[in-house]
Amino acid sequence: MTTPSPEKDCYFCKVSRGEADPFIFENRAFLGIFDAHPANPGHALVIPKRHVESLFSLNDAEQADYFDAIRGVKRVIETTDLTDLYQEMLTRDDLKDRPKDQIEAILRLDFIGRKPDAYTIGNNDGREAGRSIDHLHVIILPRYRGDVDNPRGGIRNVIPSRANYQRR
């Protein structure tokens, strides 16, 4: 009895093979997609084409393409009509069986038509960091003035009890 390879069942490997989620960007080593469960308008992912779990496991060629992919996805976010994108996502056949509540919530935000004011860019590198799919994916999360009450501390807030670093 053979065990299926992780690449066969890996969702982001299916994306890389063109079997799920349309690409919004592609270079030699990476591709970009809009997240189907967005936390903010324009929420996108940068995914290596090769099945690799950690940012620290990228080879030299992939490292060379990494920032090009992040910049490329940012350009796409800033030139996409996000209202049209999310209205279209509500009717996409490949998303028909997925929950749509996050997309519907994004469409109700008063800043959906604005360009992002900032970005949170990150990667949950390991299960203990919150990763849910064992294939590297870099989160490009556009941020908008007023999207949270107090953005100070940014990513540090994943550990709320130790996020406050302000000097008095």
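The values are calculated or read from the model by the stated rules, or taken from the named source; none is laboratory data. Computed from a predicted structure; not experimentally measured. Heads up, the Cβs are rebuilt from the backbone with ideal geometry, glycines too, and the neighbour counts pull from every protein chain shown. Ligands, DNA and RNA are stripped out before the accessible areas are found, and what is left, the full protein with its side chains, is counted by its heavy atoms. Shrake-Rupley method; radii C 1.70, N 1.55, O 1.52, S 1.80 Å.
Structure data summary
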item	result
Accessible carbon and sulfur surface of the chain relative to its total accessible area, %, 1.4 Å	50
Selection from Thr83, Phe111, Val148 lying farthest towards where the dipole of the stretch 45-168 points positive, charges on Cβ	Val148
For the stretch 106-118, Karplus couplings with θ = phi - 60° (6.51, -1.76, 1.60), whole Hz, Gly/Pro x	4, 5, 8, 6, 6, 9, 4, x, 8, 6, x, 8, 6
Residue among Arg131, Arg75, Arg98 with the largest mean-square fluctuation in a Gaussian network model of the chain, springs linking Cα atoms under 10 Å	Arg98
The stretch 65-75 - phi-based ³J(HN,Hα) in whole Hz, Karplus 6.51/-1.76/1.60, Gly and Pro as x	8, 4, 6, 4, 5, 4, 5, x, 5, 4, 4
Charge tally in the Cβ shell below 10 Å around Leu90, where Lys, Arg are +1 and Asp, Glu are -1, Leu90 excluded	+1
Length gained when the stretch Ala39-Glu128 is fully extended (0.36 nm per residue, less Cα-Cα span)	30.0 nm
Listed residues Gly130, Gly154, Gly72, most fluctuating in the chain (Gaussian network, C-alpha, under 10 Å)	Gly154
GNM top mover of Glu26, Glu88, Glu128 - the chain, alpha-carbon springs below 10 Å	Glu128
Gain upon complete extension [Glu88, Arg108; 0.36 nm per residue less C-alpha separation]	5.7 nm
Accessible area (Å², 1.4 Å probe, nearest 10) - Lys8	130
Ranked by how many other beta carbons lie within 10 Å on average, peptides 50-56, 30-36 from highest	30-36, 50-56
